[in-house]
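What follows is a set of notes on a single structure, which appears directly below.
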Amino acid sequence: MYRYPLAKDTWDNEEIEAINEVIRSKRYTMGPKVREFEQKFADYFGSKYAVMVNSGSSANLLAVASLVYSGRLIVEMKLLCLPYRGVQHTFRYTNLD
């Protein structure tokens, strides 16, 4: 019977060295490598800006916040005792035209 590996390492020495470079810099977030990635990402998609976040949840919150601050969406949130528990969202779309 052939056994398939649960996970297979596909990194080469160049990628491992890039990871080690970030670790040695002690700038895991908001460092020059993150800024470089954001700029390359923006350039690739023809965008003026790109922002890297830590998770899909953070990306969703950032997207909603960008609509709020642009005046295109009004969001009312009611937070109960524990973070992320009992969160209620009320979305009200507005037409600014």
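Taken together, the values in this text are just the output of simple stated rules run on the coordinates, not laboratory data. All values derive from a computational prediction rather than experimental measurement. Methodologically, a virtual Cβ is constructed for each residue, glycine included, from the backbone with ideal geometry; neighbour enumeration extends over all protein chains shown.
Run the paramagnetic zone check for Asp43: 7 angstrom along Cα to Cβ, then residues of region 19-37 with backbone nitrogen under 15 Å.
Under 15 Å, as judged by backbone N against the label point of Asp43, lie 33-37 of region 19-37.
Past the 17 angstrom mark, what percentage of all C-alpha to C-alpha distances in region 3-51 do you count?
Numbers: 642 of 1176 pairs.
In whole percent, the long-distance tail amounts to 55.
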